[in-house]
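The values are calculated or read from the model by the stated rules, or taken from the named source; none is laboratory data. Values in this document were obtained by computation on a predicted structure and should not be read as measured data. Cβ coordinates were reconstructed from backbone atoms using ideal geometry, including for glycine residues, and neighbour counts include every protein chain displayed. Protein only, heavy atoms only, side chains kept; ligands, DNA and RNA dropped before computing areas. Shrake-Rupley method; radii C 1.70, N 1.55, O 1.52, S 1.80 Å.
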Amino acid sequence: LTAEIMVCGNARLAQLDVEVTRLYGLINKALDADRVAFQRLQGGWLNKRNACATTDASETCLLNAYAGRISDLRAGYPVARNDTAVSIGPISWHCPAGDMISTFINGDSSMVYVKWADKSAVLTQAIRASGARYAVDLPDGAYEFWNKGDEVMWTVPGAGMVVCEEIKS
């Protein structure tokens, strides 16, 4: 299967595709210069996305590729960062074991993209008592991200839960 077919057949991936396309359009309209470089970066990302179709964990690869692209577009371009129609962030957090960033993507299946050290994960919204809780089970274990105000409780397999504070810019 190609990446395009996989995306069209998966509601979460399709939602992410719509958001990448929307942000790309916002940025492309707002660029005054170096549109060619922006389009070249998008082409590189498309190649990375397409390569996911050949991996054993293609859905996880595609989720990370799309959510990572949304986070990168929001981080790199003020017009995208200031838009809060669907996605929000990236938000920086200071954690005891090292800083991380999160980008929230809202929709039918709300999720958060979390990037720390040299790792990243897409966590989907889960049942919670208070705050916003996101979780995912990956081959190396269960990850959890609880957001309440200016704090996050972050759980990584083998490391337990830590409390992180938002880094205000």
Over segment 13-161, what is the relative contact order in percent, taking alpha-carbon pairs closer than 8 angstrom and at least six residues apart? 13 percent
Residue farthest toward the positive end of the dipole of the chain, with Cβ of Lys/Arg at +1 and Asp/Glu at -1: which of F145, I105, Y134? I105
Express in whole angstrom the spacing between the alpha-carbon centres of segment 125-169 and segment 77-95. 18 Å
In cubic angstrom per residue, the convex hull of segment 29-84 built on its Cα atoms measures 75 Å³
Among the aspartates and glutamates, which fall within straight-line cross-link reach of K168, defined as a Cα-Cα distance under 18 Å, with same-chain neighbours fewer than 8 residues apart omitted? D99, D150, E151
Taking the mean number of other Cβ atoms within 10 Å as a proxy for protection, how do you rank 6-14, 110-118, 133-141 from highest to lowest? 110-118, 6-14, 133-141
For segment 27-169, what is the charge dipole size about the Cα centre, in debye to the nearest 20, if Lys and Arg each add +1 at the Cβ and Asp and Glu each add -1 at the Cβ? 420 debye
In a Gaussian network model over the chain where Cα atoms closer than 10 Å are linked, find which of K119, K48, K148 has the largest mean-square fluctuation. K119
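At 1.4 Å probe size, with the rest of the protein present, what percent of the exposed accessible area of segment 1-116 is carbon and sulfur atoms?
Answer for segment 1-116: carbon and sulfur cover 56 percent of the accessible area.
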To two decimal places, what compactness ratio does segment 1-103 give when its Cα radius of gyration is scaled by 2.2 N^0.38 Å? 1.13
Please state the relative contact order of segment 37-111 as a whole percent: Cα pairs under 8 Å, 6+ residues apart? 18 percent
Computed [θ] at 222 nm, helices only, for the chain once each DSSP H run of length n ≥ 4 contributes -39500 (n - 2.57): -12500 deg cm²/dmol
In Å², rounded to a whole number, the accessible area per residue of segment 72-169 with probe 1.4 Å is 53 Å²
Taking N as the number of residues in segment 45-169, what value does Rg over Cα atoms divided by 2.2 N^0.38 Å take? 1.04
